[in-house]
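See below for the structure under consideration.
Where a number appears in this text, it was derived from the coordinates with a stated rule and is not lab data. Computed from a predicted structure; not experimentally measured. Positions of Cβ are backbone-derived with ideal geometry, glycine not excepted, and every protein chain shown enters the neighbour counts.
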Amino acid sequence: AQSVTQLGSHVSVSEGALVLLRCNYSSSVPPYLFWYVQYPNQGLQLLLKYTTGATLVKGINGFEAEFKKSETSFHLTKPSAHMSDAAEYFCAVSATAGTYKYIFGTGTRLKVLA
Amino acid sequence: DAGVTQSPTHLIKTRGQQVTLRCSPKSGHDTVSWYQQALGQGPQFIFQYYEEEERQRGNFPDRFSGHQFPNYSSELNVNALLLGDSALYLCASSLIGGTQYNEQFFGPGTRLTVL
């Protein structure tokens, strides 16, 4: 069985500050991990993904995430927040075998303060 | 290259009615998954269709059913609507065998309101 926990349903940062959105997962098999962003009244857009190989993953819009197996974490970071980063962010996990569905966290709403 | 498209954009129904939502996958994709996203929640997997058959199903009642057509497009049907069915319904497409991790591409969703 798999699950995802996103700590902090709402996060506020100042423009130019570091963005850190937390994601912890549980999986009985090696996971595939994803971060998606959702803007108001829109679908989900893939930011980045971890499948195999390098544990530090770079995505679009300057975001990156690090897969830490020992901590079962996949936190999303961006060095400098921009106003356009304000959105809802979802972490998701998929098993490497036996299933094809994504399990999503409950999301973190990022607010960027001017 | 057209991405995943869904119709309609918005829908209002009353309790007890039935609804059909439609999805066209991204060009070249052969698999469609449906998710329900209630307000303030993350998407929850409903089911996935491949080769016109339901491949996997989440924890949703039989009131939720689907279909996939030979052109890979898909429908989600919900019978006997309840107030709790109000949500954004997302369709995602992927290519089985394209990647091991079954990368899914999401459409903009259909907002269903049940009164």
Below 12 angstrom from the Cβ of residue A:78, what's the summed charge of the other residues (Lys, Arg +1; Asp, Glu -1)? -2
GNM result for chain A, Cα springs below 10 Å: residue of A:28, A:70, A:80 fluctuating most strongly: A:70
Considering only A:48, B:78, A:90, whose Cα is most displaced toward the positive end of the charge dipole of the protein assembly as shown, charges sitting on Cβ of Lys, Arg (+1) and Asp, Glu (-1)? A:90
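Which of the residue pairs A:78/A:111; A:49/B:26; A:111/B:26; A:101/B:26; A:58/A:78; A:101/B:13 have a Cα-Cα distance greater than 21 Å in the structure shown?
A:111/B:26; A:101/B:13
Summarise the long-distance tail of P(r) for the protein assembly as shown by giving the % of C-alpha pairs beyond 22 Å. Walk me through the numbers before you get to the answer.
Details: 13469 of 26106 pairs.
Within the protein assembly as shown, distances greater than 22 Å cover 52 percent of Cα pairs.
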For Cα pairs less than 8 Å apart in space and 6+ apart in sequence, what is the mean separation divided by the residue count of chain A, i.e. the relative contact order in percent? 38
For the stretch A:1-99, I need the span (max minus min coordinate) of the C-alpha atoms along each principal axis, in Å, sorted largest to smallest. 40, 28, 22
Once the Cα atoms of the stretch A:70-110 are picked out, what are the Rg and Dmax in Å? 13.3, 40
Using a simple spin-label model with points 7 Å from Cα along the Cα→Cβ vector, what separation in nm is obtained for residue A:7 and residue A:83? 3.2
Considering Cα pairs under 8 angstrom that are at least six residues apart, work out the relative contact order of the stretch B:7-46 and quote it in whole percent. 25
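Can you give the alpha-carbon Rg of chain B over 2.2 N^0.38 Å, where N counts its residues?
Working: Rg = 13.4 Å, N = 115, 2.2 N^0.38 = 13.4 Å.
Here the Cα radius of gyration is 1.00 times the empirical estimate.
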